[in-house]
1. Would it be correct to say that A:CYS79 is more than 7 Å from chain B (Cβ to nearest Cβ), in a helix (DSSP H, G or I), at pLDDT 95 or above and closer than 16 Å to B:TYR23 by Cα?
2. With the requirement that a residue be more than 8 Å from chain B (Cβ to nearest Cβ) and either assigned to a helix (DSSP H, G or I) or free of Cβ contacts under 8 Å to residues at least 60 places away in the same chain (or both), what does the stretch A:65-76 give you?
3. Would you confirm whether any residue within the stretch A:382-403 is within 14 Å of chain B (Cβ to nearest Cβ), touching a Ser or Thr at 6+ places or on another chain (Cβ under 8 Å) and in a helix (DSSP H, G or I)?
4. Would you check which residues across the stretch A:140-153 are open to solvent by 10 Å² or more (accessible area, probe 1.4 Å) and facing another protein chain (nearest Cβ under 7 Å) and list them?
5. Among (1) within 9 Å of chain B (Cβ to nearest Cβ); (2) over 19 Å from A:VAL119 (Cβ atoms), there is one condition A:ASP47 misses while meeting the rest; what is its number?
6. Can you name the condition, by its number, that A:GLN286 falls short on among (1) open to solvent by 30 Å² or more (accessible area, probe 1.4 Å); (2) over 22 Å from A:ILE329 (Cβ atoms); (3) more than 14 Å from every other protein chain (Cβ to nearest Cβ); (4) in contact (Cβ under 8 Å) with a residue 24 or more places away in the chain?
7. Select, from B:GLN74, B:GLN49, the only residue that is out of contact with any Gly (no Cβ under 8 Å at 6 or more places or on another chain) and away from chain A (no Cβ under 11 Å).
Amino acid sequence: MGMTMTQKILADHAGLPSVRAGDLIEAKLDLVLGNDVTTPVAVGVFDKAGFTRVFDPEKIVIVLDHYTPCKDIKSAELCATARDFAKRYHISHLYDTGAAGIEHALLPEQGLVGPGDLVIGADSHTCTYGALGAFSTGVGSTDMAAGMAAGENWFKVPAAIRVELTGTLPPYVSGKDVVLHLIGQIGVDGALYQSLEFTGPGVAALGMDDRFTVANMAIEAGAKNGIFPVDEQTLAYVKDRFPRPVKVYEADADAEYTRTVEIDLSALRPTVSLPHLPSNTKTVDQVKGLPIQQVVIGSCTNGRISDLRAAAAILKGRHVAPGVRCIVIPATQAVWLQALEEGLMQTFIEAGCAVSTPTCGPCLGGHMGVMSAGERAVATTNRNFVGRMGHVRSEVILANPAVAAASAVAGCLADPAELDGAVEDAGPYKEGLNPC
Amino acid sequence: MLNGTVFKFGDNVDTDVIIPARYLNAPSPEELAQHCMEDIDSSFVRRVQPGDIMVGGWNFGCGSSREHAPIAIQASGVSCVIAASFARIFYRNAINIGFPILESPEASERIAAGDRVRVDLNTGLITDETSGETFQAAAPPAFIGKIIESGGLLPYLKARQDAK
């Protein structure tokens, strides 16, 4: 019986010739990640258990990104705990305000993770690095502490679902729509305990930023990880970033999958998830017109340069509708600077957007865009659970950056295709006519 | 042997409703417990008694990796969670902190809110004393049993490291 790509990475890191779905193994870790919310809890259990050294200070990364720049005294205390731990154990990869970005955009960008790696992170969206052909999965704080102490952890080898991609992406359709469509199809526990292995000729049609978005939301289908094959685009991305040798794993031809899901990229439409589950998907044309008060463009899901370009292309020469707050959050300092150099920042400011320093902030209702009762946002983030972005009676609609930007301009959930071309061709959107 | 009154919730109970992110900057278990489940049941914290049992549906604990979620439930006084299935990070987190969870689709479906339920963690036997029904939850793999016996993952690893 052959192995899936995920199983091969796990077997290698466990020092085993082969593994099967369901096996409990102990595997060596290439990287352990934590943030300002999860690291302090990990520090507590690490200290309480009596550990006095970390396995390798170079293989631990701490990113202060959730409530930073610190929103209140409690958040500042959490960051202080994390900084103190990093200092105590000589952890050089501490990313503090000014260097920090949203962790899952930052780590690939900084070359801290690459193909073939086994990574655990005390943040559920750690699955993002599957875009690079790594096995990476979200864990809790005790697992982070265990990883820091021992350099290894226990895993149950997952079975896998194969997601076969064909075709190419139509205009205004991105990785976000691919993954929302998938979650809508299989459900929020459709891949529970399993890997999502993306394959097929359609993979080549997805740029790296799209792949990061898709792998990022694997957890929203309950998956342990999402993973892409390594191709020329992957190798080009890690070249000059990733200092360690690249290890390319491929699924065996006779690898076993519990099911295959086929997605024809060419047939996808801009897709949104209505409150309060990511699986509650509709195509935007089915539900356009819902009034909104806020738009958030950013997060570990959609805060990369391609996302900002897609949003800016819509916002260029247009203005955010009255009564809507549009918050743009580049995911890292490098993305921020590139957006500035490309003129995207000017576009955002002229359109009436608020542009923030990198932070997870509003995605989890932390800060920088928390909503009141009765408000609704279109956000490029990853979760739309009850109370996710603020008040328990506020609502989040998940969407891609083009849909979010079009909605900001329209003042309601809107289809970017209807804003297409020159402003004068914008149909009902011109002359301030309100299509909502 | 655990024994308590059941608080029942539906499918896909996510970690944002178990403990909203607005409280994550207060990581003491006692503070977290004060806000446990408040966005879907504002009276839960007031009504829950030590030893009570939480019953959920499919995919309990989905969403973020916050270990604050099982910590908050544990600190609220709940003695164990029974669900049809658990999201995997929540499942790991509960094991790693030594908080008992049991997977049983039948128990999840049949047990009603307010029932008195008895749980034998050694055998996985769940008894609904109100209805008289019994359910058998799967026993955890031996390796996981060792972690729970040690009082959690870190004590388990520390003991192993010290033995080397």
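1. For A:CYS79, the condition - more than 7 Å from chain B (Cβ to nearest Cβ), in a helix (DSSP H, G or I), at pLDDT 95 or above and closer than 16 Å to B:TYR23 by Cα - is met.
2. Within the stretch A:65-76, A:CYS70, A:ILE73, A:ALA76 meet the criteria.
3. No.
4. Selection gives A:ALA150 alone.
5. (1)
6. It fails just one condition, (4).
7. Sole residue among the options that is out of contact with any Gly (no Cβ under 8 Å at 6 or more places or on another chain) and away from chain A (no Cβ under 11 Å): B:GLN74.
Residues are listed down the side, and each one gets a yes or a no for (1) over 24 Å from B:SER43 (Cα atoms); (2) among the aliphatic types (A, V, I, L, M); (3) at pLDDT below 95; (4) part of a helix (DSSP H, G or I):
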| site | (1), (2), (3), (4) |
| --- | --- |
| B:ARG66 | no, no, no, no |
| B:ALA69 | no, yes, no, yes |
| B:ASN93 | yes, no, no, yes |
| B:ALA113 | no, yes, no, no |
| B:ILE144 | yes, yes, yes, yes |
| B:LYS158 | yes, no, yes, yes |
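The values are calculated or read from the model by the stated rules, or taken from the named source; none is laboratory data. Keep in mind the model is a prediction, meaning the values are calculated, not measured. Neighbour counts are summed over all protein chains in view; Cβ atoms, including those assigned to glycine, are modelled from backbone coordinates with ideal geometry. Protein only, heavy atoms only, side chains kept; ligands, DNA and RNA dropped before computing areas. Shrake-Rupley method; radii C 1.70, N 1.55, O 1.52, S 1.80 Å.
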